[in-house]
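The values are calculated or read from the model by the stated rules, or taken from the named source; none is laboratory data. Please read all numbers here as calculations on a predicted model, not as lab measurements. Positions of Cβ are backbone-derived with ideal geometry, glycine not excepted, and every protein chain shown enters the neighbour counts.
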Amino acid sequence: MELYCTREIKNGILSEIKGSVGNITGRIINGRNILSRKSGFRKVSASPNLLKVKNKFKIGVKLGSAMNKFDVLKAVWKNNTPDGMNFFSYFIQSNYKLTGEGVLTSKNIITPYDGFPVDVTANDITSTSVSITLGALAGTYNFDTNAETNVKMCAVIYLSGTADPQAAPYYLMTVDFDPQTMQLDNPLSFTRALLKADQVIFESYTDHKVYAAIVTLDADNNPVNFSSTICIE
C-alpha cells in the first residue's frame with residue numbers, strides 16, 4: 001500500500017503545482033492545491049480471522065478439486081445442488097463449516113448430505129494399496145436392483161504431517177476403484193493398488209485420512225444413488 005503525507009498549498013511561488021517531482025506529488029482537489037509526499041510502501045498484514053477464512057477456503061477448494069476428478073461424484077453433486085447455484089460452490093459451502101483452519105477433519109464430505117448409510121467392517125490403508133470392505137447393504141435403503149446394477153467406490157486420501165521442509169504441508173490423492181456388480185446380501189470389498197508415484201508421496205507423510213463413498217450405477221454407469229461419506233483414519 002502506498003502512503004502519502006499531504007498538505008494544502010496556499011498562495012505563493014509553489015501554488016498550482018500538478019504532477020510529481022521526485023517523491024512530491026501536486027494535485028488540485030476541489031479548487032485546492034494539495035501537496036503530497038510519498039512515504040513508501042507498506043504491506044498490510046491480514047487479520048488472523050481473514051487468514052483463518054482463507055486457509056479454510058483454500059483446503060476446501062483442494063478437496064473439491066479432488067472430488068471433481070470423479071465423474072460420478074461430479075454428477076451426484078450437480079444433481080443435488082440447489083437451483084441457481086454452481087455445484088462446486090455448493091461443495092465448498094457444504095464443507096466449509098466442517099473444515100478446520102487449513103486442515104481437513106473427520107467430518108468433511110465428498111458426497112452431499114442425505115446419502116444412504118454404509119458400515120466399514122474392515123480396511124487396510126498402506127503406501128502400496130487401499131482396501132475397504134463394507135457391510136451388506138440389505139435393509140439400509142430401498143434399492144432398485146433392476147435399475148441399480150453396479151456399484152462403485154471413490155476415495156480421497158488426505159496426507160499430512162511431514163518432516164520434509166520442501167514438501168507441501170498436505171497432499172490430496174484420489175483412488176478410483178473399478179465398478180462391481182451390485183449386491184445387497186453380501187459384504188462389498190474394494191481394493192486398489194496405488195501408483196508408484198503415489199506410493200512415494202504417501203511414504204513422505206506420517207498421517208492420513210481416507211474419505212470414501214459408494215455410488216450405485218445403472219447399466220450405462222450413470223449414478224443413481226449415493227452413500228454418505230465415510231472417514232477412515
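Here L159 passes the criteria (1) touching a Ser or Thr at 6+ places or on another chain (Cβ under 9 Å); (2) under 24 Å from D71 (Cβ atoms); (3) part of a loop (DSSP other than H, G, I, E, B) except the one numbered (3).
Per-residue answers, yes or no, for (1) in contact (Cβ under 8 Å) with a residue 40 or more places away in the chain; (2) under 23 Å from A168 (Cβ atoms):
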site: I92; (1), (2): no, yes
site: K97; (1), (2): no, no
site: L104; (1), (2): yes, yes
site: V120; (1), (2): yes, no
site: I125; (1), (2): yes, yes
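Looking at the stretch 51-80, which of its residues are among the polar types (S, T, N, Q) and over 21 Å from D218 (Cα atoms)? Within the stretch 51-80, N55, S65 meet the criteria.
Which one of these is closer than 24 Å to K107 by Cα and in contact with a Cys (Cβ under 8 Å, 6 or more places away or on another chain): A155, A136, A213, A168? So the residue among A155, A136, A213, A168 that is closer than 24 Å to K107 by Cα and in contact with a Cys (Cβ under 8 Å, 6 or more places away or on another chain) is A213.
How about the stretch 38-137: which helices (runs of 4 or more DSSP H) wholly inside it have at least 2 residues that are under 22 Å from F202 (Cβ atoms)?
48-67
Among the residues of the stretch 65-86, those identified as more than 13 Å from the chain's Cα centre (by Cα), surrounded by 15 or more Cβ atoms within 10 Å (Cβ to Cβ) and not charged (D, E, K, R) are F70, V72, L73, A75, V76, W77, N80, T81. Per the conditions (1) out of contact with any Leu (no Cβ under 8 Å at 6 or more places or on another chain); (2) within 30 Å of G100 (Cβ to Cβ); (3) at pLDDT 95 or above, the sole criterion not satisfied by D83 is (2). For T140, which of the numbered conditions (1) modelled with pLDDT under 95; (2) surrounded by 15 or more Cβ atoms within 10 Å (Cβ to Cβ); (3) within 24 Å of the chain's Cα centre (by Cα) fails to hold? Exception for T140: condition (3).
If the requirement is being in the same structural domain as S106 (by TED's automatic domain parsing) and either free of Cβ contacts under 8 Å to residues at least 40 places away in the same chain or in contact with a helix residue (DSSP H, G or I) (Cβ under 7 Å, 6 or more places away or on another chain) (or both), which of these qualifies: D178, D164? If you could, list the steps in order and put the result at the bottom.
Values: D164 fails: either free of Cβ contacts under 8 Å to residues at least 40 places away in the same chain or in contact with a helix residue (DSSP H, G or I) (Cβ under 7 Å, 6 or more places away or on another chain) (or both).
Sole residue among the options that is in the same structural domain as S106 (by TED's automatic domain parsing) and either free of Cβ contacts under 8 Å to residues at least 40 places away in the same chain or in contact with a helix residue (DSSP H, G or I) (Cβ under 7 Å, 6 or more places away or on another chain) (or both): D178.
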